[in-house]
Amino acid sequence: QVQLVESGGGLVQAGGSLRLSCAASGRTVSSYGMGWFRQAPGKERDFVATITWSGFRRLYADAVKGRFTISRDTAKHTVYLQMNSLKPEDPAVYYCATQGSGGYSTPDDYDYWGQGTPVTVSS
């Protein structure tokens, strides 16, 4: 069993920054790839970024490439999402998850999920 707890969401002005955290506990999460997804009201849950267990490989959705950075601190069992240059289209509930399959870009590729943290961007 794995527990994931996201934090760091909130209200920020367009162009501003936020850093989300995802604290993991339970099984050895350091051996899992981790991902961030987001879901706006009435929309599907979309892939944002993923990082391998080693932290060596990181992949991003086109919509956030160059603005968001995913990282992990294995010793702290925590994954981060640094979000810079936030835009009006970025607001959503942001979720972290543990990767459970070879894929990385769909929710079905992940098995354990946190409860999410909301991000709001004011223009």
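Numerical summary
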read-out	value
Residue 65 - accessible surface, heavy atoms, 1.4 Å probe, Å² rounded to 10	120 Å²
Extension gain (nm, one decimal) between residue 120 and residue 69, 0.36 nm per residue minus Cα-Cα	16.5 nm
37, 56, ranked by accessible area, largest first (probe 1.4 Å)	56, 37
By accessible area with a 1.4 Å probe, ligands and nucleic acids excluded, highest first: order of 113, 36	113, 36
Amide proton proximity set for residue 53, modelled H, under 5 Å, gap of 5+	33
Principal axis dimensions, largest first and in whole angstrom, of the chain by Cα	41, 27, 24
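The values are calculated or read from the model by the stated rules, or taken from the named source; none is laboratory data. Note that the structure is predicted; figures quoted are calculated from it, not measured. With ligands, DNA and RNA removed, areas are computed over all heavy atoms of the protein, side chains included. Shrake-Rupley method; radii C 1.70, N 1.55, O 1.52, S 1.80 Å.
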